[in-house]
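Take a look at the structure below.
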Amino acid sequence: MQIFGVDIGGSGIKGAPVDLDRGDLAEERYKVLTPQPATPDAVADGVKEVVGHFGWTGPVGITFPGVVTGGATIRTAANVDKAWIDTDARALLGERLGGLPVTVLNDADSAGVAEMQFGAGRDRQGTVILLTFGTGIGSALFHDGVLVPNTELGHLELAGHEAEKRASTKAKEDHELTWERWAHRVQKYLAHVEMLFSPELFIIGGGVSRKSDRFLHLIEDIKAEIVPAQLQNNAGIVGAAMRAAKSAA
């Protein structure tokens, strides 16, 4: 069974049909740059281009980098235009896609759902936290495999700033941090999250998960196991498709 997944990020919008039996992309993903400013209409046009590239005509799952309530309404927009706040994303994107059935969920929650089913969190019980490091820091919190949605732990305070302003991969690039210095910031952030939630497992996702050998060994004094996301930066696409399939059932 195939369902289409789209992952809206602060820098790119990417998508592909997903093979839900394998938990992997059925075709090579297609990506466009996130428009700047990332207004609802401009981003919707980007989503339309990604879906249209494949000539897709079925259900579509779409991630969003912010809080999504009721599978439709956007409540926060840290790394896209503030005009998204209170927008009915399901209605907007469904209309732009010509009436295709659309499911919308938080981007990190989507990646977490995929990792818990097909990746690093498979068959893991207890408290598991996936953190996606990219333009910001997204989070997905699970207990015994059940998602607690819209946690937004990237906005916790770290050294007097929002954590994602200090420890995201964008912060690494903006401040020209070495892997060692960035890993030190990530370690402080993980220690803070661990103090609050005492997870058994941290899954590190986002694009930086492809380079886990550059920094994971530098993170010390964390009691929880720390592993890279197995689906890496495709996890959001896979999870979006999974949620769309569930909604269509």
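Values quoted throughout were computed directly from the atomic coordinates according to the rules given, and no laboratory measurement underlies them. The model shown is predicted, which means the values in this text are computed figures rather than measured ones. When we count neighbours, we look across all protein chains shown, and the Cβ atoms used for this are built from the backbone with ideal geometry, even at glycine.
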- Of I203, I237, I219, the most mobile residue in a GNM of the chain (C-alpha springs, cutoff 10 Å) is I219
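When ranked by the protection proxy of mean other Cβ atoms within 10 Å per residue, highest first, what sequence do the peptides 191-198, 93-100, 40-47 form? Present the calculation step by step, with values, prior to reporting the outcome.
Details: 191-198: 14.8, 93-100: 16.8, 40-47: 18.9.
Highest to lowest by the protection proxy: 40-47, 93-100, 191-198.
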- Item | Nearest-20 debye value, the stretch 124-229 charge dipole, Cβ charges on Lys, Arg, Asp, Glu | 240 debye
- Task: Taking the chain as the reference, fit the longest principal axis to its C-alpha atoms, fit the long axis of helix 235-248 to the helix C-alpha atoms, and give the angle between the two in degrees, 0 to 90, nearest 10.
- Result: 50 degrees
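Normalising by the residue count of the stretch 62-192, find the relative contact order in percent from Cα pairs under 8 Å and 6+ residues apart.
Working: 212 pairs, mean separation 21.9, N = 131.
In percent, rounded to a whole number, it is 17.
Quote the relative contact order of the chain in percent (integer), defining contacts as alpha-carbon pairs under 8 Å separated by 6+ residues.
Numbers: 574 pairs, mean separation 56.1, N = 249.
Worked out over the chain, it gives 23 percent.
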- Task: Mind pulling the angle between the C-alpha long axis of helix 179-197 and the longest principal axis of the chain? Nearest 10 degrees, somewhere in 0 to 90.
- Result: 80 degrees
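Expressed as a rounded percentage, what relative contact order does the stretch 124-229 have, with Cα pairs under 8 Å and six or more residues apart? Numbers along the way, then the final one.
Values: 181 pairs, mean separation 30.8, N = 106.
Here the relative contact order equals 29 percent.
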- Query: Along the positive direction of the dipole of the chain (beta-carbon charges: Lys, Arg +1; Asp, Glu -1; about the Cα centre), which of A77, Y189, V67 reaches farthest?
  - Reply: A77
- Item | Beta bridge orientation in the chain: antiparallel %, DSSP, nearest 5 | 60 percent
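If packing is taken as the average count of other Cβ atoms within 10 Å, what order do 241-248, 207-214 fall into, highest mean first? Provide the component values of the computation, followed by the final result.
Values: 241-248: 21.1, 207-214: 15.6.
Going from most to least packed, we get 241-248, 207-214.
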- Task: For the chain, find the longest principal axis of its Cα atoms and tell me its angle to the long axis of helix 107-118, 0 to 90°, nearest 10.
- Result: 80 degrees
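Mind sorting E176, E115 by how few other Cβ atoms lie within 10 Å of their own Cβ, fewest first?
Numbers: E176 7, E115 30.
So the residues, fewest neighbours to most, are E176, E115.
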- Task: Using the structure shown, list the pairs from K14/K165; K188/K223; K31/K165; K165/K223; K188/K211; K48/K172 with a Cα-Cα distance above 22 Å, or answer none.
- Result: K14/K165; K31/K165; K165/K223; K48/K172
